[in-house]
1. With a 1.4 Å probe and all protein chains kept in place, how much accessible area does GLU377 have, in Å² rounded to the nearest 10?
2. What FRET efficiency, computed as 1/(1 + (r/R0)^6) with R0 = 60 Å and r the Cβ-Cβ distance, is obtained for LEU96 and PHE224, rounded to the nearest 0.05?
3. Long-range amide H contacts for ILE488: which residues qualify at under 5 Å (H placed 1.01 Å from N, peptide plane, sequence gap of 5 or more or a different chain)?
4. So, by mean Cβ neighbours within 10 angstrom, what's the order for 213-219, 183-189, 8-14 with the highest one leading?
5. About its Cα centre, what dipole magnitude does segment 334-375 give when the only charges are +1 on Lys and Arg Cβ and -1 on Asp and Glu Cβ, stated in debye to the nearest 20?
6. Which ³J(HN,Hα) values, rounded to whole Hz and listed in residue order, are derived for segment 35-45 from phi using the Karplus coefficients 6.51, -1.76 and 1.60 in 6.51 cos²θ - 1.76 cosθ + 1.60 with θ = phi - 60°, glycine and proline given as x?
7. Could you tell me which chymotrypsin sites (Phe, Trp or Tyr not before Pro) in segment 152-203 are loop residues by DSSP with no more than 16 other beta carbons within 10 angstrom of their beta carbon?
8. Let's test the formula: R0 of 30 Å, r as the Cβ-Cβ distance of ILE55 and ALA420. What FRET efficiency results, to the nearest 0.05?
Amino acid sequence: MSADLLPILLKTTLASSIAIVLVLMFRLPLRKFFGARVAYLIWCLVPLATIAVLIPAQEMVVTIAATSEAVTSGAGLTGAPVLPAQENHMPEDLCLLLWAFGIAACAYWFSRQQKKFVDSLGVLNQRYANVFSAENNLQGPSVIGVLQPRIVLPSDFDERYNAEEKSLVLTHEYAHVARGDTRINLLAAALRCVFWFNPLLHWADAKFRFDQELSTDAQVLSQFPSKRKSYADAMLKTQMASIGLPVACHWQAHHPLKERILMLKKTSPGKLLHVFGLSVVTVLSLTAAFAAWSTQPANIIVAQAKENMLYEIKINAIIDRVDQKPITLREAPGKAFAVVQGEGKQAWSYELSLTPIDNQFSTIKGKVKYGETLISEPDFKIANGKNAVISVSTKDRSSIFSMNFVASLLRNGKPVPIPAYNGDNGVANGAYMMQGPSGKQEILTRADLENPVTVATPDKIKMPAKMIPTDEFIALQKTAASKGRPSIKAVVIVDASGELANAVFAVSLPEEELMQLTKLITSQKFQAAIGLDGKAVTSKIDVEVYLK
């Protein structure tokens, strides 16, 4: 764990530090040419750059010949396991422990500062909606609270300010509330906790808070441009905060008062210049964030190659109607890949390999286990680039496993073009392997679905099969229908045990939509049809679903 977290911590620290340096370089020129409100927005570059380096890097596939030393020694991704040498992770673990302790200590310190400030206000008496008068006049005006921000005024608010000044002060505080500055300050405090060891971040916080106040000043004066003198008088009458505020917004706190008053003398930029400044900040922020992401080293995948060929397999599994985390992996033709999904003795595992027949079709072969019990040994033909399904259950039906997957051939990391399919209704339109409690394996194709021999015809059915949708399915369908989403008809086969055997859609769908709708249908419950003899039979039903 330490080996994974420390590199992430290092690169986010570096990204946030570089972003802060860039902000400090641009904030003054931006303020000079476009005003304080535009300059304040450049601070969004810090969280953007931090998040950007957490987005997975671009992927680079490196294939190696099967006869190379690296492969024969077990260097492939999913080859035979090679026991690694024992590594001493104690230094990394101690660093992580120290980091976690620093986060806790920093959070505790900030919470104490916040509590000390709130306690210094004394009893809060509500004046009107979201505006309170403090018992004491040592602090204020200020905004406190994150989920429900409140404006707190000093006890002598009415005596300290005249009518015009009171209006300006309240406008200032309402601007903080409307902009969500307490939530933004909470994010800044959280970053300071996570990167408590970075002095640059703590030093920059004062600059950030100053720009926040200048931006609020500029917003107020854009509404009342003729009241600069009254606004300056209100500043001079406002009590300097004696306690730091990690989250709340105080009218003065430790901001340089002289510089704020001097800024009041500057005229606000015109609307056109303001919009242009916003565009400049947006371009700068997105460009810097993209640069932070693109400078990461590529995620290199090394795999064995046979004639420079590789499979990319996208897997979406469902265990007992619960979606599992999607998996995308790459492996050489004929090379087995192994996956475990679920937990403990109830985990499902499968070891499968794909062998190309030609550019259109491949054979999938392997084993599926429930815990240590071998459940199935799939061995059937699939179409490259088309959805395929493996669905099995334990003998006592206590657990059901289903995986939808699409396997595509790659050559030198690029998709291999697939010639036009012959247009039949067989494997070219998808393949489905089903194995129920009896252990009997069935391989179904679209041709099988439409073949009256494999399913009971309507004249042989006393009571048709039906789907028993979940509440979530019903809600999704209502929402999609109300939004005018297109509906798709699917032919669904329900076997005699009430399990879904296959689902084929009436129209050709993109891969993503196909897997989405397949997962949606396979997660529902079904009731088998009853034949004329009173016994359950395999049949097909039509189901209509809406795209999200």
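1. 100 Å²
2. 0.70
3. Excluding prolines and chain starts, which carry no amide H, the hits are VAL545, TYR546, LEU547.
4. 213-219, 183-189, 8-14
5. 80 debye
6. Coupling constants for segment 35-45: x, 5, 5, 5, 4, 5, 5, 5, 5, 5, 4 Hz.
7. Within segment 152-203, the qualifying chymotrypsin sites (Phe, Trp or Tyr not before Pro) (loop, at most 16 other Cβ atoms within 10 Å) are PHE197.
8. FRET efficiency, ILE55 to ALA420: 0.25.
The values are calculated or read from the model by the stated rules, or taken from the named source; none is laboratory data. None of these values were measured; they are calculated from a predicted model. Counting neighbours? That spans all protein chains shown, and the Cβs are built from the backbone with ideal geometry, glycine included. For the accessible areas, the whole protein counts, side chains as well, though only heavy atoms, and no ligand, DNA or RNA atoms are used. Shrake-Rupley method; radii C 1.70, N 1.55, O 1.52, S 1.80 Å.
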